[in-house]
Amino acid sequence: MAKKPDVTTIASGYYSRQALNNNFTALRDAFDNTLSRDGSTPNVMAADLDLNNQDILNVKNTYTTNLILGGVDFNASVAASLAAAASSADDSAASAVASDLSATGASLSATGASLSAAQAALYDGVWSEDVSSLLADTIITYTVGQPSSVVTGDYVLTRKEGFSYEVAASGATDQHVTTAGGVKLYVLPGGDGYNILAFGADRSGAVSASTVIQAALSNLKVVGGGVLYFPRGSYLVGANVLQTNLSCTIQGEGPEVTKLLCNGTGISINNSTAGIGLSVVVRDMSFISQTAGTGNALTVVGTSVRTLNRAQFSASGLVFRGQDDDTAFDRCLNLSQVSDSKISNVALVGARNSWAFMSRAISVSTSVDVVIDSIRAYWGSSGVYSAGDTEGLTLSNSHLVGFEIGFEHIATGGGAMQQIHNCHMNTNQFGVKMTDTDGIGSRQSNVSNNYLIHNVPSSSGIGGLTDYNWTGIQMNGDSSKASDNIIGGSLLMSDTGITMSGVCTQSSASTNNIVGCSNRAILFLAGANDGAAFGNVGISSGIVVTSALRTRIHGNSKEIWSDEYHGGATVIESASTVVVTHNLSGTPTLADIFVTPRNNMGLAAKFWVSAVTATTFTISLDRTPGSGATAQFSWLAKISKSNV
């Protein structure tokens, strides 16, 4: 830098020429003693430059004849090592030379360490080839004066992954990883957050990563949250990973490539004793069960305070499944007190060969305003299960197939405003089932624009253990509504389209299309007073039945409001008629009796219905079926009750 020139103060304009010239000369000499930014000469040092322990920043290239690092002549060290290696006759000789050089601090391996140390010195850190090498390293040391000595606050970096670490104090107990040489390190976040591989996680699926995941989540808790990133790989979760009072994002590279292999329970985060502001986000990975119906893949418990102090949970781009058709989680998402949360674009798959293994694909309890959208769930007892005083749960645009119950809500202390919209459910006991434990029910709930189908396991050959008499929708709560649904029962069973339970006062079933529900199309139980059924259509379904008071029934199609029974009949080999008891409440017309042959009727070619009475009708043949043959029929009879 320039030296300050000596100049003379000029007091007056008289006799000042010499003083001015002297000042100009002093200024010129000072500029000549200054380094030039634009490269103009003179621009060279005539003496050593003392930076007074300051840094040189943003250096592009360094050109030097001699490089002294930590008091060691770097060039001489490299030259000596290379000369020793060149003089080695074979690998064993080279090893011997390396051993000798190691003893003197100048072996080939030490050369590599010296190179790393030299490069690291230029980048303010010590370098290791990769994480595995770093964890196995015995050269990096706290010992002063060694080529790779470090002190608290230094940095260690890996070339292959680009991970960064900060050196912890030698007496620290909160370090994230420790080298084989005993150096303790803190993992530093990168562009994707904290990378689980930087903590030493195995991603081959062969070695449990539970302890490493636990340590990484503990670090997020200490630093106040952040992202824990799982790059592509298979991570074995051999034991439950549990963390409390944590705000974090657990991020994968995608469900096809980031896989958590769980022996039972996977990850649990319990924020029940935390304050406000904590949130848990899980995205873009697969949870894969290696057991038959044991353990929950992902459990999140939010704060116990529901008013204003609400925990949040978000899940997207996740897949939950078993490793084959005989394995599954007991619960894929097990959530409690997770208000203001959203689950979207998630697939949840149980055991195809046994629906009972997965008790609940998604379980939500004691939460407010939870949105579940665009999920695909298969094979289990309950698809989405909601319990307690959960309010404002919305299930929409989702596909649930192969469940005993598609959506189930068991209310305690209320639990109002369950909203089920635009879903397809293929189930064998209930499509949507709402009940309660205290007689209050789930008020103001709405089930609309869904496609609900009865899947009978014995006829479909898929998974379920029992053939049930099915109910498409069971509502349970005042001012509830079931509208614009397509409800398809099975004539193999005695099904019901919609049931309004005893606490469904002022509730309605409207503009639904109800097909094949031979037991009842719509049923209002005692206590479901002041309800309404209007604008509904359908065929092959029973009538509306009400044990409630002041039920208003109007504007429905003729077909849906009929007494209807169905069954089978057989004409034996020596007979030409069979009398059928229809069990209707009156006498049907011939137009309301439908008979379909189930075999070739033996020798008979024609059949017809006759002799219709208030209790029976007769199926007649043009001749007997013949020896060893029968004529078998399915029949359906109804009494239409126009309600338009």
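Give just the number: which of (1) within 26 Å of GLY295 (Cβ to Cβ); (2) out of contact with any His (no Cβ under 7 Å at 6 or more places or on another chain) does ASP389 not satisfy?
(1) is the only condition that ASP389 fails.
So, ARG283, is that one part of a strand (DSSP E or B) and farther than 17 Å from GLY383 by Cα or not?
Values: part of a strand (DSSP E or B): yes; farther than 17 Å from GLY383 by Cα: yes.
Criteria met by ARG283.
Considering only strands (runs of 3 or more DSSP E) fully contained in the range 474-576, which possess at least 3 residues that are of a type in the set (Val, Ile, Thr) and within 38 Å of the chain's Cα centre (by Cα)?
Result: 496-500.
Take residues that are modelled with pLDDT under 95 and tell me which of the strands (runs of 3 or more DSSP E) falling wholly in the range 587-626 contain 3 or more. First the steps, then the outcome.
Details: elements: 593-597, 607-610, 616-621.
The qualifying strands (runs of 3 or more DSSP E) are 593-597.
Give me a count of the residues in the range 178-222 that are touching a Gly at 6+ places or on another chain (Cβ under 6 Å) and charged (D, E, K, R).
1
Can you tell me which residue in the range 356-366 is least open to solvent (accessible area, probe 1.4 Å), limited to those that are out of contact with any Leu (no Cβ under 7 Å at 6 or more places or on another chain) and either modelled with pLDDT under 95 or outside any strand (DSSP E or B) (or both)?
Initial filter on the range 356-366 (out of contact with any Leu (no Cβ under 7 Å at 6 or more places or on another chain)): 357-360, 365-366.
Checking the rest, the ones that are also either modelled with pLDDT under 95 or outside any strand (DSSP E or B) (or both) come to 357-359, 365-366.
Details: PHE357: 64, MET358: 0, SER359: 32, SER365: 31, THR366: 41 Å².
My answer is MET358.
Among the residues of the range 470-502, which ones are crowded, with 24+ Cβ neighbours inside 10 Å and of a type in the set (Val, Ile, Thr)?
Of everything in the range 470-502, those that are crowded, with 24+ Cβ neighbours inside 10 Å and of a type in the set (Val, Ile, Thr) turn out to be THR471, ILE473, ILE487, THR496, ILE498, THR499.
Among the residues of the range 392-410, which ones are closer than 20 Å to GLY439 by Cα, of a type outside the set (A, V, I, L, M) and surrounded by fewer than 23 Cβ atoms within 10 Å (Cβ to Cβ)?
GLY392
Considering only residues that are open to solvent by less than 10 Å² (accessible area, probe 1.4 Å) and on the phi < 0 side of the Ramachandran plot, look in the range 438-447 and name the one that is modelled with the lowest pLDDT.
Taking the candidates together, the pick is SER442.
Would you mind telling me which numbered condition in (1) modelled with pLDDT under 95; (2) open to solvent by less than 10 Å² (accessible area, probe 1.4 Å) SER510 fails?
If we test SER510 against (1) modelled with pLDDT under 95; (2) open to solvent by less than 10 Å² (accessible area, probe 1.4 Å), just (1) comes out false.
May I ask you to say which residue of ASP622, ASP592 is more than 48 Å from the chain's Cα centre (by Cα), charged (D, E, K, R) and loosely packed, with under 13 Cβ neighbours inside 10 Å?
On the way: ASP592 fails: loosely packed, with under 13 Cβ neighbours inside 10 Å.
Answer to the selection: ASP622.
I need a count of the residues in the range 524-539 that are closer than 26 Å to ALA591 by Cα and open to solvent by 30 Å² or more (accessible area, probe 1.4 Å).
Qualifying residue count for the region: 3.
Here are some residues: LYS259, LYS342. Which one is open to solvent by 10 Å² or more (accessible area, probe 1.4 Å), more than 18 Å from TYR385 (Cβ to Cβ) and either at pLDDT below 95 or of a type outside the set (A, V, I, L, M) (or both)? Steps first, please.
On the way: LYS342 fails: more than 18 Å from TYR385 (Cβ to Cβ).
When all the criteria are applied, what remains is LYS259.
Right, GLY568: farther than 27 Å from ASN428 by Cα, open to solvent by 10 Å² or more (accessible area, probe 1.4 Å) and out of contact with any Asp or Glu (no Cβ under 7 Å at 6 or more places or on another chain) or not? Break it down into steps so the answer makes sense when it comes.
Working: farther than 27 Å from ASN428 by Cα: no; open to solvent by 10 Å² or more (accessible area, probe 1.4 Å): yes; out of contact with any Asp or Glu (no Cβ under 7 Å at 6 or more places or on another chain): yes.
Against the criterion (farther than 27 Å from ASN428 by Cα, open to solvent by 10 Å² or more (accessible area, probe 1.4 Å) and out of contact with any Asp or Glu (no Cβ under 7 Å at 6 or more places or on another chain)), GLY568 does not qualify.
Considering only residues of the range 286-303 that are crowded, with 24+ Cβ neighbours inside 10 Å and under 11 Å from the mean Cα position of the chain (by Cα), which is nearest to LYS342 (Cα to Cα)?
Among those residues, the one meeting the criterion is LEU298.
Among the listed residues ASP100, ASP130, ASP137, ASP154, which satisfies the condition of being surrounded by fewer than 17 Cβ atoms within 10 Å (Cβ to Cβ) and modelled with pLDDT of 50 or more?
Just a single option satisfies the conditions, and that option is ASP130.
Please work out which one of (1) at pLDDT below 95; (2) more than 22 Å from ASP369 (Cβ to Cβ) is the condition ARG321 fails and give its number.
Condition not satisfied by ARG321: (1).
Is it true that ARG306 is outside any loop (DSSP other than H, G, I, E, B) and either modelled with pLDDT of 95 or more or surrounded by fewer than 21 Cβ atoms within 10 Å (Cβ to Cβ) (or both)? Quick ask: steps written out before the conclusion?
Values: outside any loop (DSSP other than H, G, I, E, B): no; either modelled with pLDDT of 95 or more or surrounded by fewer than 21 Cβ atoms within 10 Å (Cβ to Cβ) (or both): yes.
So ARG306 does not fit the description; no.
Taking GLY383 as the residue in question, decide whether it is closer than 18 Å to ASN334 by Cβ, in contact (Cβ under 8 Å) with a residue 24 or more places away in the chain and surrounded by 20 or more Cβ atoms within 10 Å (Cβ to Cβ).
Numbers: closer than 18 Å to ASN334 by Cβ: yes; in contact (Cβ under 8 Å) with a residue 24 or more places away in the chain: yes; surrounded by 20 or more Cβ atoms within 10 Å (Cβ to Cβ): yes.
Judged against the criteria, GLY383 is a match.
Select from the range 455-473 the residues that are of a type in the set (A, V, I, L, M, F, W, C) and part of a loop (DSSP other than H, G, I, E, B) and write down the one among them that is modelled with the highest pLDDT. Quick ask: steps written out before the conclusion?
Keep residues of the range 455-473 that are of a type in the set (A, V, I, L, M, F, W, C), which gives 456, 462, 465, 470, 473.
Filter again for part of a loop (DSSP other than H, G, I, E, B), leaving 456, 462, 465, 470.
Values: VAL456: 82, ILE462: 57, LEU465: 67, TRP470: 95.
Of everything passing the filter in the range 455-473, TRP470 is modelled with the highest pLDDT.
Does ASN334 satisfy the criteria of being in contact with a Gly (Cβ under 6 Å, 6 or more places away or on another chain) and in a strand (DSSP E or B)?
Details: in contact with a Gly (Cβ under 6 Å, 6 or more places away or on another chain): no; in a strand (DSSP E or B): yes.
Here the answer is no, as ASN334 does not meet what is asked.
Answer with yes or no whether PHE607 is open to solvent by 50 Å² or more (accessible area, probe 1.4 Å), closer than 21 Å to GLY489 by Cβ and over 46 Å from the mean Cα position of the chain (by Cα). Explain how you work it out, then say what you get.
Details: open to solvent by 50 Å² or more (accessible area, probe 1.4 Å): yes; closer than 21 Å to GLY489 by Cβ: no; over 46 Å from the mean Cα position of the chain (by Cα): yes.
Judged against the criteria, PHE607 is not a match.
Which of (1) at pLDDT 85 or above; (2) farther than 17 Å from SER508 by Cβ does ARG550 not meet, given it meets every other one?
Result: ARG550 passes all but (2).
Name the residues in the range 262-302 that are in contact with an Asp or Glu (Cβ under 8 Å, 6 or more places away or on another chain) and at pLDDT below 90, would you?
ALA292, GLY293, THR294 - these are the residues of the range 262-302 that are in contact with an Asp or Glu (Cβ under 8 Å, 6 or more places away or on another chain) and at pLDDT below 90.
The values are calculated or read from the model by the stated rules, or taken from the named source; none is laboratory data. If you're wondering where the values come from, they're calculated on a predicted model, not measured in any experiment. In this analysis, Cβ positions are derived from the backbone assuming ideal geometry, glycine residues included, and neighbour counts consider all displayed protein chains. Ligands, DNA and RNA are stripped out before the accessible areas are found, and what is left, the full protein with its side chains, is counted by its heavy atoms. Shrake-Rupley method; radii C 1.70, N 1.55, O 1.52, S 1.80 Å.
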